[in-house]
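Student: Pasting a structure here, questions to come.
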Amino acid sequence: MNTILRKSVLGIAGLAFTGGVFAGPVAAHAADTTASVKPVSVSVQGDKLIPHGVQGNQSRIDLNDEQTKNVKAIIAATKKAGMDERAAVVSIATALQESKLENLGHLGDRNDHDSQGLFQQRPSSGWGTVEQITDPEYSTTAFLKGLKQVDGWKDMPLTKAAQTVQVSAYPDHYAQWEQQAADLVAQHWNK
């Protein structure tokens, strides 16, 4: 029995090693889509970059006119809600993760339940009607309302604040967008 168990463990370890050897270069190549990003001007408070607070590898996408318009709508809704740049950074990073800043309608079989809009909010979860959650101002205001209810959101990592509102199956994925979101806020906040 001990010999059988030992051979099984060694066999599994060998498969794991072989899988790592073969998947390693493929995974490394697939992960090579993140851009090397240098932060713009930031101030440091404790161990957090404000408003940047960057964690881990950062992703970046080029934005088209529609996506830029959605960035501006998120910033306008944030200002209208009386919230600061950090709230806009959290909102934009969340929308980058959820929809790449595209105001998505129902995607048929590719839809995650009934998720729609910039923040992939769900009518069945009480976020609003389809018409409401596909309106960038409404969906941002709904997200910000949830963010305001998170105690200490300004002092926590972006990904934790976003996850507390969104309740995503992938809670750590928001962090990869913080640098681009902060750069977009720095670029568009005072326009």
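Student: Output wanted: per-residue J couplings in Hz (rounded whole) for region 125-141, from phi through Karplus 6.51 cos²θ - 1.76 cosθ + 1.60, θ = phi - 60°, x for Gly and Pro.
Tutor: Ordered by residue, 3J(HN,Hα) equals 9, x, 6, x, 6, 4, 4, 5, 6, 9, 9, x, 5, 4, 5, 5, 4 Hz.
Student: Right, another one. Accessible area, 1.4 Å probe, largest first: how do Arg60, Arg86 sort?
Tutor: Arg60, Arg86
Student: Now for a separate question. Sequence-distant or interchain residues sharing an amide H contact under 5 Å with Gln121, placed H: which?
Tutor: Gln116
Student: Would you please report the Å³ per residue occupied by the convex hull of the alpha carbon atoms in region 138-191?
Tutor: So the per-residue hull volume is 93 Å³.
Student: Find the eigenvalues of the gyration tensor of the Cα atoms of region 86-178, then list the square roots of 5 times those eigenvalues as equivalent ellipsoid semi-axes, largest first, in whole angstrom.
Tutor: Three semi-axes, in Å: 21, 14, 11.
Student: Amide H neighbours of Leu104 under 5 Å, at least 5 residues apart or on other chains, H built in the peptide plane: list them.
Tutor: Under 5 Å from the amide H of Leu104: Gly117, Leu118.
The values are calculated or read from the model by the stated rules, or taken from the named source; none is laboratory data. Bear in mind the structure is a predicted one, so any value in this text is a computation, not a measurement. SASA here: full protein model, heavy atoms, side chains in, ligands and nucleic acids out. Shrake-Rupley method; radii C 1.70, N 1.55, O 1.52, S 1.80 Å.
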